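Shown next, in structure tokens, is the structure this report addresses.
Each reported figure results from applying straightforward, stated rules to the coordinates on display, with no laboratory input. Computed from a predicted structure; not experimentally measured. All Cβ positions, even for glycine, are placed from backbone atoms using ideal geometry, and neighbour counts span all protein chains on display.
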């Protein structure tokens, strides 16, 4: 096996592991094959080259100087159809109504239980 070949793919695999890109188990397997001087599968070579290209393009993007004169979109305050006070009022009313329903439900369940209990006790 060619040492340049081994060095190239070994470097690719270690760089990808260090960057946290790719399947770490597969990358470790590739490194083990290279350590044992076993030939790499064609799919492993394609895998390494593809991910290395992705890593290189990400590094290039990070190294590009950012244009400080970029036009940033203005953030406009959001507008709602209802005011906060109106929403608060409806929220409070909704909460009170649901609490009343919940209490009525509990009372109804208790009354059913008592009716069943008294019916069983009288039998």
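A compact table of results
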| item | result |
| --- | --- |
| Hits in the range 15-28 - residues which are out of contact with any helix residue (DSSP H, G or I) (no Cβ under 6 Å at 6 or more places or on another chain) and under 14 Å from residue 56 (Cα atoms) | 15, 18, 20 |
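Table: residues versus (1) within 25 Å of the chain's Cα centre (by Cα); (2) surrounded by 15 or more Cβ atoms within 10 Å (Cβ to Cβ); (3) in a helix (DSSP H, G or I).
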| residue | (1), (2), (3) |
| --- | --- |
| 9 | no, yes, yes |
| 16 | yes, yes, yes |
| 21 | yes, yes, no |
| 33 | no, yes, yes |
| 39 | no, no, no |
| 47 | yes, yes, yes |
| 52 | yes, yes, yes |
